[in-house]
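Engineer: Before I ask anything, here is the structure I am working with.
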Amino acid sequence: MTGNRKDDHLNFAAAQQREEPHRTPWDDVRLVHHALAGIDAADVDISTSLPGGVRWPLPFYINGMTGGTETTGRVNAALAEAAAETGIAIATGSMSIYLRDETVLPTFRVLRDKNPRGFVMGNLSADATPDQARRVVDALEANALQIHVNSVQETVMPEGSRGFGAWSENIAAVVEATPVPVIVKEVGFGMTRETIALLASLGVTVADTAGNGGTNFARVENDRRAGKDYSFLADFGQSAPFSLLDATTLPEATQRPALLASGGVRNPYDVVRGLALGARAVGVAGTFLHTVLGETGLDAGADGTERLVQQITDWRDRLTEMYAMLGAATTQDLSTTDVLISGELAESARLRGAD
Ligand code: FNR
């Protein structure tokens, strides 16, 4: 432990990325190959759209991670430079710390300063008031605001909250008062169709299912603890593909937000898997953090930026090729591509009535 939560999160999440590659729930999603379905790559457009007139050139984005300390500010600078060069949308980590201490603003605001024309999202917890949400949006000149719902993380976090009862009401008030789209996200434990339908009733137009299989915040927080052991929660929650399948079982007439998917995304195939299951775009946190930090840890200098620009550009090109191979001219087309679901994912989806 460094004694600082933001630095701890970064260090423990980065350490998880250095573990041996493992199977993830995305591996239970296979795209069906139709050998004559292909189209010309020149006819492919991988851009995507979200409610509120939002258009992103890439169907994947840098999910909310960090800011608030000198080290995390440097990581944000590297992420922001890569975002500016590639046009990828990017989010800050939680800015609750900024609400208590305005001097930390530059460590978040670097996302806007280095990326003046980019799509930048702020991030706050569901404890936030409309006034706090507006302060963050203004301070960042944010294009959207992520509100995270993280009851599992808080439960394991040594200094975590136990008060989640006001969240739905808070979210409705923040959506009502915030001048930019509000994206409600989990932090790696997934969402159900019930949560998704409830969010729609609160006025939320975009939800990020942020499921398990990638950065594991039950483990991160347990690793930060001395004394109490919460390791039994390490497998808690649902995956993003499960959430996307679960949403398909909602009655046709149910209002629902546009869905984003994240959690455990490792490569362009995982992005395609999420889009094929109906996500409008797919979020990446741990994998890109690992790229920026490199094998050694905190060398978030120019090399980190270069590595991330290269990776994002590669993913863009691989996605264009895969869309062509699968016969999808647009991201919307990809959502009707045939998929096969197997293993534990198929079993749990079937239990919830998805086939
Ligand atoms: C996160 N994540 C996160 N989410 C959020 O809404 N607010 C936050 O402050 C943070 N902080 C944070 C720090 C670090 C270092 C990481 C790696 C992640 C969660 C993130 O947005 C995402 O939901 C999960 O990490 C799952 O995605 P990956 O990492 O498996 O791609």
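Computed from the coordinates by the stated procedures, all read-outs in this text should not be read as laboratory data. Everything numeric in this text was worked out from a predicted model, so none of it was measured. Neighbour counts are summed over all protein chains in view; Cβ atoms, including those assigned to glycine, are modelled from backbone coordinates with ideal geometry.
Engineer: Of the residues Leu245, Leu202, which is among the hydrophobic types (A, V, I, L, M, F, W, C), farther than 26 Å from Asp270 by Cβ, touching a helix residue (DSSP H, G or I) at 6+ places or on another chain (Cβ under 6 Å) and more than 16 Å from the ligand (Cβ to nearest atom)? If you could, list the steps in order and put the result at the bottom.
Structural biologist: On the way: Leu245 fails: farther than 26 Å from Asp270 by Cβ.
Criteria check complete, one pass: Leu202.
Engineer: If the requirement is being touching a Leu at 6+ places or on another chain (Cβ under 9 Å) and buried (at least 18 other Cβ atoms within 10 Å of the Cβ), which of these qualifies: Val187, Val182? Let's see the steps before the verdict.
Structural biologist: Working: Val187 fails: touching a Leu at 6+ places or on another chain (Cβ under 9 Å).
So the residue among Val187, Val182 that is touching a Leu at 6+ places or on another chain (Cβ under 9 Å) and buried (at least 18 other Cβ atoms within 10 Å of the Cβ) is Val182.
Engineer: Please specify each residue of segment 185-199 satisfying the condition of being under 13 Å from the mean Cα position of the chain (by Cα) and either closer than 15 Å to Asp246 by Cβ or away from the ligand (no atom under 11 Å from the Cβ) (or both). So that I can check it myself, show each step before the final result.
Structural biologist: First, pick out the residues of segment 185-199 that are under 13 Å from the mean Cα position of the chain (by Cα): 185-191.
Hits for segment 185-199 are Glu186, Phe189, Gly190, Met191.
Engineer: Are there any pairs with C-beta distances below 6 angstrom linking a residue in segment 332-355 that is exposed (fewer than 14 other Cβ atoms within 10 Å of the Cβ) to a residue that is assigned to a strand (DSSP E or B) and of a type in the set (Lys, Arg), with the two at least 6 apart or on different chains, and if so which?
Structural biologist: Leu340/Arg30
Engineer: For segment 1-117, which helices (runs of 4 or more DSSP H) that fit wholly inside it have 1 or more residues that are in contact with a Ser or Thr (Cβ under 7 Å, 6 or more places away or on another chain) and surrounded by 20 or more Cβ atoms within 10 Å (Cβ to Cβ)? Explain how you work it out, then say what you get.
Structural biologist: Values: elements: 5-17, 70-86, 96-100, 105-113.
Passing ranges, in order: 5-17, 70-86, 105-113.
Engineer: Looking only at segment 123-165, which residues are farther than 22 Å from Asn63 by Cα and surrounded by 22 or more Cβ atoms within 10 Å (Cβ to Cβ)?
Structural biologist: Within segment 123-165, no residue meets the criteria.
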